[in-house]
Amino acid sequence: MRRSASIAATGAYLPERILTNADLEKMVETSNEWILSRTGIRERRIAAEGETTSDMGARAAQQALDQSGIDPKTIDLIIVATCTPDTAFPSTACYIQAKIGATRAAAFDLQAACSGFLYALVTAEQFIASGAHKTVLVVGAEKLSSIVNWQDRNTCVLFGDGAGAVILQHREGGRGIVSFDLGADGTQTEILSVPAGGCRMPITPEVLKNRSNFLQMAGKEVFRQAVTAMNRSAEDCLEKAGIKPKDLRWIIPHQANSRIIEAVAQRLSVDMEHFYVNLDRYGNTSAACIPICLHELNTAGKLKQGDLLLMVVFGGGLTWAGAVLEW
Ligand code: COA
């Protein structure tokens, strides 16, 4: 029999430094009015010089451990969702394993861009459901400031740094992840990517000159695909769970653009008050968005046992994912 996997603890870490829209006005040709009206973002956090994805991920994980009193030595597995790893290898998960003293844990990274956290959560759930593992740490952590082209106003205003973490364990009587949907469309890799830096296009003086080692995006097309995929994924998860949108206490959408979220809300006919949104403060932190939202809702006491949540995301790949979770 499958064992349900519930979230036993949450944590988050946001770097101290705040980069406001007014700050960006001094860096590229843009305005607070443009950024706010087109995206809903007011400010974002930027990691300190030398602060890495694993530093942030470990801080978020440590908070989840402290909050729950779970001994790091009881963690069986660490999965880190990130598209901005500390190094190509070893994995960021291995750095985090050492930083939190999870000496017994297996550790690996999972890459599905902005969809990474839900991909990782669903993967983690399989280990608990099968009975193979008792305690799995799932981290979403990103230092997007390291891959953003700070000369490109089309993209640099959108992203921020941060990390979130959850600890999954079996809970008697709880349903945990009720349904999920994972998807990808690898025919559209070029509309959102970092072209250079891998084996396909190694770093050369030419690459550095063209800045193709930084994130590139066809914004309008990504916007269109995001609305379609998130809506489809949300409906798929609801159908598999046998519930209606009105049964949901919270919808936690990918925090990319408030207009994408509003479009999804409209298509699902769900009032915006059921959507949790913090992108005004952090921008798009990619794989870190969902666990940061979960932690904020949890610490604010806005999650009660039995509440149904729908999480739905979209990212480069293209990738998308959704999951219904009973808290
Ligand atoms: N400040 C001022 N003007 C800007 C700007 C900025 N930061 N960024 C772009 N512009 C300009 C463009 O150059 C364009 O000018 P032009 O018409 O002279 O060429 C104009 O604003 C309109 O651009 P457009 O692409 O029509 O804007 P938009 O309404 O589509 O909004 C995005 C742009 C990027 C905010 C929007 O497309 C978006 O959010 N896309 C999805 C991004 C996303 O979610 N990515 C991550 C997915 S995980």
Point to revise | Given (1) under 21 Å from the mean Cα position of the chain (by Cα); (2) more than 15 Å from the ligand (Cβ to nearest atom); (3) among the polar types (S, T, N, Q), number of the condition SER130 does not satisfy | key: (1)
Review point. Would region 191-212 turn up any residue that is surrounded by 19 or more Cβ atoms within 10 Å (Cβ to Cβ), within 12 Å of the ligand (Cβ to nearest atom) and in the same structural domain as ASN257 (by TED's automatic domain parsing)?
Key: yes
Check your understanding: Looking only at region 1-57, which residues are among the aromatic types (Phe, Trp, Tyr) and away from the ligand (no atom under 16 Å from the Cβ)?
Key -> TYR13
Point to revise | Tally of residues being surrounded by 15 or more Cβ atoms within 10 Å (Cβ to Cβ), closer than 22 Å to GLN225 by Cα and away from the ligand (no atom under 16 Å from the Cβ) across region 237-266 | key: 4
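Okay, residues lined up against (1) under 12 Å from the mean Cα position of the chain (by Cα); (2) at pLDDT below 95; (3) of a type in the set (A, V, I, L, M):
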residue	(1), (2), (3)
ALA241	no, no, yes
ILE252	yes, no, yes
GLN255	yes, no, no
ILE261	no, no, yes
TYR276	no, no, no
CYS289	yes, no, no
CYS293	yes, no, no
GLY301	no, no, no
MET311	yes, no, yes
Review point. So which pairs qualify, if the first residue must be in region 43-69 and among the acidic types (Asp, Glu), the second must be modelled with pLDDT of 95 or more, the Cβ gap must be under 6 Å, and the two must be at least 6 apart or on different chains?
Key: GLU43/ILE18; GLU43/THR20
Point to revise | Neighbours by Cβ (under 7 Å, 6+ apart or cross-chain): first from region 129-140, modelled with pLDDT under 95; second not in a strand (DSSP E or B) | key: ALA129/ARG2; ALA129/ARG3; GLY131/ARG3
Check your understanding: Hey, does region 147-156 have a residue that's in a strand (DSSP E or B) and either surrounded by fewer than 24 Cβ atoms within 10 Å (Cβ to Cβ) or not small (Gly, Ala, Ser) (or both)?
Key -> no
Exercise for review: Within region 15-62, track down each residue that is in contact with a Phe, Trp or Tyr (Cβ under 7 Å, 6 or more places away or on another chain) and either surrounded by fewer than 19 Cβ atoms within 10 Å (Cβ to Cβ) or not charged (D, E, K, R) (or both).
Suggested key: MET27, SER54, MET56, ALA60
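The values are calculated or read from the model by the stated rules, or taken from the named source; none is laboratory data. All figures in this text were calculated on a predicted structure; none of them were measured in a lab. Don't worry about glycine lacking a Cβ; one is built from the backbone with ideal geometry, like all the others, and counts go over all protein chains shown.
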